[in-house]
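Everything below concerns the one structure shown next.
The values are calculated or read from the model by the stated rules, or taken from the named source; none is laboratory data. Keep in mind it's a predicted model, so treat the numbers as computed, not measured. Heads up, the Cβs are rebuilt from the backbone with ideal geometry, glycines too, and the neighbour counts pull from every protein chain shown. These area figures cover heavy atoms from the full protein model, side chains too; ligands, DNA and RNA do not enter into them. Shrake-Rupley method; radii C 1.70, N 1.55, O 1.52, S 1.80 Å.
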Amino acid sequence: MFLKDYQREAIQSLDKWLDNLNVARSNSEKIIAQLETIDVKPTAEHTNYPQHAWKRLREEGRLTLQTGAKYIDRYTDADNPIPHICLKVPTGGGKTLLGAAAVERILMHSGKNTGLLLWIVPTRAIYEQTKTTLWDRQHPYRQRLELASGGRVKVLEKDDAFTADDIRSYLCTMLLMLPAANRHKGKDFLRMFRNSGRYPGFFPEDGNALAEGEFLYRHPHLEREGNEFGGIVKHSLINVFKICRPIVILDEAHKAYGKKVERSEQYARAINRMDPSIVVELSATPNHGISNVLVDIKGTALKDEQMIKLPIQVETRSDTQDWRHTLELAHQRLEDLSREAERLETENGRYIRPIAVARVERTGKKQRDGINIHAEDARDHLISIGVNPESIRVKSSEADELGREDLISDGVRSPVNWIITKDALKEGWDCPFAYVLVLLDNTRAKTAITQMVGRVLRMPHAQETGKSSLDRCYVICHNAEVRDTVSHVRAGLENEGMGDISGHVEAAGAADEIKKISVLRRQRFRGKRIFLPKVLHRDDAEGWRDLDYDRDIISAVQWQLLEVKNVQGLNVAPATGGTAVVDIEGETENVEDRYLEADDDIDLVYFARRIGSVVPNPWRAMHIAEQALSHLMELNDVDRKSVNASRALYAEQFRADIWEQIDIQARDIFVGKFDRKELRFDLQADEGNYELGDRYDEIVGQAERKLERHTEPVQRTLFEPMLEKDFNGMEQDFAFYLDRQNAILWWHRVAARQRGGYFLRGWRRDRIFPDFVAVATRGGSADVYQNQLLMLETKGTHLRDNPDTKYKQRVFGVLQEAYNGTLSPRGEMTLNEGNPKGVFRLVFQEEIETALADTILAQSA
């Protein structure tokens with residue numbers, strides 16, 4: 001499973017933090033060692049390396065005031081600082097996948113692939129869901145961990161026995177539920193402190209005084225009998241944690257910490273007491289007084305990646321109508337969606353079966369009283385209006401008719417269209433086929449809506465259908481006011497970490513709160529067809545189609561030519577450790593290499609898996625690894641034990657070398673296809689290119705502001721009105737710069753409205769979304785002029801030397817040559833009669849006022 005753009009950006013931010021953390025730790029250890037030689041006790045300023053790493057990130061401009069204004073310190077019982085960060089990920093954003101990818105990066109930076117990983121979840125529902133995915137060797141989450149550990153994953157539960165040899169040989173992944181880690185939840189927590197014989201090898205044998213003395217010197221803060229100094233060390237699970245210094249992934253961290261400061265601090269102390277080596281929190285709504293938010297993923301990022309259904313359409317029925325009418329309305333909505341889904345499958349073979357989730361007031365067998373709406377009441381009424389009984393399931397603590405039924409399989413298709421519940425699905429469950437949320441419970445409390453709205457947000461296959469009705473979701477409420485319902489749905493989005501898209505809520509009768517406006521082309525440009533160029537690939541069967549990275553670029557790589565070429569230049573890392581700088585997929589990394597107690601057996605699979613992250617064929621990756629290791633030892637006179645001890649350093653250097661060769665080949669393939677006329681990037685014809693529409697809709701509130709310069713709306717936009725919310729500060733400055741230029745015929749803020757639609761392609765997998773597109777002209781007439789097509793992306797100054805920036809600059813250079821006729825024939829824009837030139841570039845913050853001085857704009861000064 002490939003990471004989405006926002007997930008890759010999150011991992012890149014994690015990499016930068018880990019880089020800085022390694023450097024800060026190394027500096028701290030050196031200073032402490034120097035102070036010890038002169039018998040000076042180190043202070044917190046010397047030992048608190050996580051704070052120094054955070055400060056460095058802030059100085060590099062990688063943190064915002066919203067995320068990294070202040071670092072929150074944490075310490076173990078041994079008074080060691082705990083590196084801890086939070087990845088803010090909205091519901092439906094793939095938190096678990098991101099957590100698994102984070103573990104992979106943490107292990108890579110540590111130079112290890114074994115040890116103890118604690119995966120802590122808040123509820124039984126999420127526990128069971130996570131357990132299922134981690135046990136499944138074919139599941140992407142498990143495969144990520146397999147990749148990180150070289151195929152050495154061992155999944156454990158709290159009561160499972162394991163040994164010290166297991167920790168040395170495997171990535172032991174223990175799944176814990178919140179009560180087990182929280183002292184204030186009682187028995188489960190206390191059980192972790194009891195003596196047990198399930199953990200052989202962690203504690204010295206009784207009677208071996210020398211071994212016990214050495215052990216206590218290394219681990220002076222273990223729990224003891226009676227908690228008295230000098231007492232016998234408990235052979236407990238909590239002490240195993242303290243010995244192993246686990247990686248901790250805290251899933252749904254906001255549910256663990258809660259809203260009260262006292263509870264949050266108590267739970268943080270419970271986690272600290274486990275002596276984690278590092279803590280990564282995954283949260284939709286972080287607690288900023290407890291968590292260091294490294295990454296803040298917005299709801300718009302999910303929308304851009306087509307992960308969620310938007311807008312949310314709200315319908316209500318007042319208390320003068322029977323709840324059965326509300327259920328019938330939902331049934332009709334589901335029937336309409338089902339017919340649309342059938343048409344979709346007929347047209348393109350894509351299978352979607354819309355499902356409704358109905359929340360009732362009672363589900364228990366003895367709770368059916370004829371007053372409160374019971375699950376069986378809802379079932380009976382659905383059957384009475386023609387719903388197939390086989391398509392209805394009740395999900396409750398007493399009756400789990402869903403079980404582990406696969407609701408989305410296109411093989412053995414489930415008949416389920418209706419799920420009736422009360423609280424059983426309020427968290428830990430979502431199904432991309434769930435489209436309609438029906439709230440029948442006779443209450444106006446916001447709790448039901450805020451807890452349930454996330455259940456219907458996920459987009460099937462993470463890909464829009466192109467059919468409006470199937471690209472949105474629906475909330476239908478009984479006995480509720482529209483104003484209240486819209487407010488509660490918005491609160492639900494806030495709770496799911498998507499407050500920034502709360503404007504995407506449509507409700508009849510809510511015009512005084514929100515409204516839909518149409519953003520239209522200016523009168524001057526209406527009725528004209530405007531196309532934007534895309535990178536198109538020639539296909540004998542399909543004609544011109546979008547470039548496909550896997551099909552057209554990576555498939556043409558000559559894998560047989562790949563071998564690690566700079567083996568002779570590799571330096572052997574000293575036994576005490578070292579740091580290497582490598583470049584992986586355009587991202588520079590500092591990889592710390594630590595000496596491992598290794599034998600003479602080289603773990604070839606470990607090297608092959610690292611190379612396999614960029615070479616899709618595992619056999620080829622194995623061959624490359626084997627050849628590289630053979631040459632390494634032969635040409636550098638390195639023994640097998642030294643190679644194995646420094647494997648993290650060598651594996652990353654191998655992978656960097658191979659990736660660089662793949663990237664060079666990919667660029668040559670990309671450019672070569674232009675030379676052979678297999679690729680085109682022009683406007684000779686509209687076939688395959690992107691056509692800008694005449695209008696698009698915006699959901700706005702009463703306080704929404706138009707983008708204005710000196711109290712006047714901008715004048716040269718292709719569409720009007722432009723809204724301030726679609727621009728950050730730097731983008732506003734650049735928009736105003738464009739708007740002042742007389743040579744600009746029109747400009748358009750592409751990324752704000754067209755993400756998921758218009759984008760550029762290079763020779764890597766990532767799509768490139770330009771921020772602005774504009775047309776500049778020498779003439780003053782819209783009918784006859786020669787022009788320039790401008791595609792521009794704004795960048796902060798601190799990103800000038802970023803590898804991603806450099807890649808985009810190279811791609812823009814190739815596309816500019818292609819568009820202007822160097823690599824392919826230049827075409828004509830449908831909008832004009834001239835031969836358009838193209839300008840494709842990145843504009844850095846300090847260049848905004850002179851960004852296009854060397855272009856046709858200079859003539860308008």
Protein accessible area in the range 34-127, 1.4 Å probe - carbon and sulfur %: 49 percent
Projected area, mean over directions - the range 317-358, Cα convex hull, nm²: 3.1 nm²
Cut-off 11 Å between beta-carbons: net charge of the residues surrounding Pro432, Lys and Arg +1, Asp and Glu -1: +3
Kirkwood hydrodynamic radius (C-alpha pairs) into Stokes-Einstein, the range 251-359, 25 °C and 0.890 mPa s, D in µm²/s: 132 µm²/s
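Any idea what the dipole of the range 298-440 comes to, in debye rounded to 20, about its Cα centre with Lys/Arg Cβ at +1 and Asp/Glu Cβ at -1?
Here the range 298-440 has a charge dipole of around 220 debye.
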10 Å-binned pair-distance histogram of the range 15-135 (Cα, whole percent): 11, 33, 34, 17, 5, 1
Cα-based convex hull volume of the range 191-321 per residue, rounded to whole Å³: 220 Å³
Potential extension, Leu561-Lys677 segment - 0.36 nm per residue separation minus Cα distance: 39.2 nm
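Count neighbours as other Cβ atoms within 10 Å of each site's Cβ, and list the trypsin sites (Lys or Arg not before Pro) in the range 252-330 that are DSSP loop with at most 16 such neighbours.
Working: sites: Lys255, Lys259, Lys260, Arg263, Arg269, Arg273, Lys298, Lys303, Lys309, Arg317, Arg324; in loops: Lys259, Lys260, Arg273, Lys298, Lys309.
Counting only loop positions with at most 16 other Cβ atoms within 10 Å, the trypsin sites (Lys or Arg not before Pro) in the range 252-330 are Lys259, Lys260.
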Global geometry of the range 299-412, whether rounded, prolate or oblate, following the gyration tensor of its Cα atoms and the 1.5 cut on a/c: prolate
Average accessible area per residue (Å²) across the range 39-144 - probe 1.4 Å, nucleic acids and ligands excluded: 40 Å²
Cα centroid separation - the range 1-64 against the range 345-383, whole Å: 51 Å
Spacing of the two label points (7 Å from each Cα toward its C-beta) at Ser196 and Arg538, in nm: 6.7 nm
Accessible area (Å², per residue) of the range 341-454, counting only protein heavy atoms and a probe of 1.4 Å: 46 Å²
Charge dipole (debye, nearest 20) of the range 348-505; +1 at Cβ of Lys and Arg, -1 at Cβ of Asp and Glu: 120 debye
Qualifying chymotrypsin sites (Phe, Trp or Tyr not before Pro) for the range 1-81 [loop in DSSP, other Cβ within 10 Å: at most 15]: Phe2
Rule-of-thumb Rg ratio for the range 630-691 [Cα; 2.2 N^0.38 Å; N residues]: 2.02
Length released on extending from Asn802 to Asp206, taking residue separation times 0.36 nm less the Cα-Cα span: 208.9 nm
Close Lys-Lys pairs in the range 6-89, where close means Cα under 25 Å and separation is 8 or more or interchain: 10
Accessible carbon and sulfur surface of the range 612-651 relative to its total accessible area, %, 1.4 Å: 49 percent
Percent carbon-and-sulfur accessible area, the range 243-388, ignoring ligands, DNA and RNA, probe 1.4 Å: 44 percent
Percent of Cα-Cα distances greater than 16 Å, calculated over the range 1-75: 58 percent
Nonlocal amide H pairs with Val295, under 5 Å, H built at 1.01 Å: Cys86, Lys88
FRET efficiency, Lys706 to Gln845 (Cβ-Cβ, R0 22 Å, nearest 0.05): 0.40
Total formal charge among the other residues, if their Cβ is under 11 angstrom from that of Ala774, Lys/Arg +1 and Asp/Glu -1: 0
